[in-house]
1. Restricting to segment 53-94, give me the number of residues that are modelled with pLDDT of 60 or more, surrounded by fewer than 18 Cβ atoms within 10 Å (Cβ to Cβ) and not in a helix (DSSP H, G or I).
2. Within segment 145-155, how many residues turn out to be farther than 19 Å from Ser208 by Cβ, without any contact (Cβ under 8 Å) to a residue 40 or more places away in the chain and in a loop (DSSP other than H, G, I, E, B)?
3. Hey, among Val106, Val145, which residue is surrounded by fewer than 18 Cβ atoms within 10 Å (Cβ to Cβ), of a type outside the set (Phe, Trp, Tyr) and in contact with a strand residue (DSSP E or B) (Cβ under 7 Å, 6 or more places away or on another chain)?
4. Looking only at segment 202-223, count every residue that is farther than 18 Å from Tyr164 by Cα, crowded, with 16+ Cβ neighbours inside 10 Å and touching a residue at least 24 places away in the same chain (Cβ under 8 Å) and tell me the total.
5. Considering only residues of segment 12-52 that are exposed (fewer than 12 other Cβ atoms within 10 Å of the Cβ) and of a type in the set (Ser, Thr, Tyr), which is farthest from the chain's Cα centre (by Cα)?
6. Filter segment 172-184 for residues that are in contact with a helix residue (DSSP H, G or I) (Cβ under 8 Å, 6 or more places away or on another chain) and crowded, with 16+ Cβ neighbours inside 10 Å; which is farthest from Asn121 (Cα to Cα)?
7. Right, Gly196: buried (at least 17 other Cβ atoms within 10 Å of the Cβ), farther than 15 Å from Glu142 by Cα, small (Gly, Ala, Ser) and assigned by TED's automatic domain parsing to the domain that holds Phe150 or not?
8. Looking only at residues in segment 171-222 that are assigned to a loop (DSSP other than H, G, I, E, B) and small (Gly, Ala, Ser), which one is modelled with the lowest pLDDT?
Amino acid sequence: MVGGIPKYVTVENRLRSRLRGMTVGEQLPSEAELCEEYKVSRITIRRAIDDIIRDGQVVRSQGKGTFKAETTVAAQEVINSQIKGFYRQQVDQGRQVRTRVLTSEVIHDPGIAHMLGIDPNFGIIRLERLRYVDEHLQQHVETFVSLERFPEVLQQDFSNGSLYEFLQQQYSVVLERDEVVVRVEPLEGQVSRYFGVEAGSPVLAMDSTVYGPDNRVICYGEALHPPNYSEIKFVINNPTVRCEEPVRR
């Protein structure tokens, strides 16, 4: 390990950086050459390359070598006038979504209570999940709801399903408005190990606060998207402009 980071992760990150400067179809150096360059064992090189192959950034051709592949965004999250949630968006696109629930617990946090608009002494359900799309890790998300208002969230298994849809079906809530803040921040702690990148690497972060018609907060969430490939698309409509009218800039 180097600074607490496994050698293969360090090599993997260096290879990913190298790939950004390569063209599609360009060949990586041989395993022997990479061993010499990075001063590591062949096992370390193979593990690093295997992880990159799983991400679809390179392809291995038996007897020929490893080449940069045509890469695509694993999943695109769309922010528009419809509040669907990440799970439903991907399923509607024909993607396979898998969720790994890391934590489902009750916490007391004055800062999160403020975001939810509840008394700081009230319990809060914290739901921590990893979201995979077509077997690519696409999102780490922490979602918070009021324990007093939505107690059954704590007993629900969200390994295959949507929190938004559960709240709508179980509590008849109406998701009227979603306020989203997107920023870039350094990745820290355990999440960097989930994503297989060094701590401090830039990551796309998105905070979401969903409101009902009465302007009460239904849930608050903090999502992180891996830096290797992620995309958030914003669709903004102007309701005052009819389609036949030109929009001047």
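The values are calculated or read from the model by the stated rules, or taken from the named source; none is laboratory data. Everything numeric in this text was worked out from a predicted model, so none of it was measured. Neighbour counts run over all protein chains shown; Cβ positions are idealised from the backbone, glycine included.
1. Pass one, segment 53-94, residues modelled with pLDDT of 60 or more: 53-70, 85-86, 88-94.
After this cut, where a residue has to be surrounded by fewer than 18 Cβ atoms within 10 Å (Cβ to Cβ) as well, the list is 53-54, 56, 59-65, 67, 69-70, 88, 91-94.
From what is left, the residues that are not in a helix (DSSP H, G or I) are 56, 59-65, 67, 69-70, 93-94.
Looking only at that region, the number is 13.
2. Summing the residues that are farther than 19 Å from Ser208 by Cβ, without any contact (Cβ under 8 Å) to a residue 40 or more places away in the chain and in a loop (DSSP other than H, G, I, E, B) in segment 145-155 gives 1.
3. Numbers: Val145 fails: surrounded by fewer than 18 Cβ atoms within 10 Å (Cβ to Cβ).
Only one candidate passes the filter, namely Val106.
4. Of segment 202-223, the ones farther than 18 Å from Tyr164 by Cα are 202-205.
Okay, now just the ones that are also crowded, with 16+ Cβ neighbours inside 10 Å, so 203-205.
Imposing the further condition that a residue be touching a residue at least 24 places away in the same chain (Cβ under 8 Å) reduces the set to 203-204.
Result for segment 202-223: 2.
5. Per the criteria, the residue is Thr23.
6. Leu175
7. Values: buried (at least 17 other Cβ atoms within 10 Å of the Cβ): yes; farther than 15 Å from Glu142 by Cα: yes; small (Gly, Ala, Ser): yes; assigned by TED's automatic domain parsing to the domain that holds Phe150: yes.
It is true that Gly196 is buried (at least 17 other Cβ atoms within 10 Å of the Cβ), farther than 15 Å from Glu142 by Cα, small (Gly, Ala, Ser) and assigned by TED's automatic domain parsing to the domain that holds Phe150.
8. Gly196
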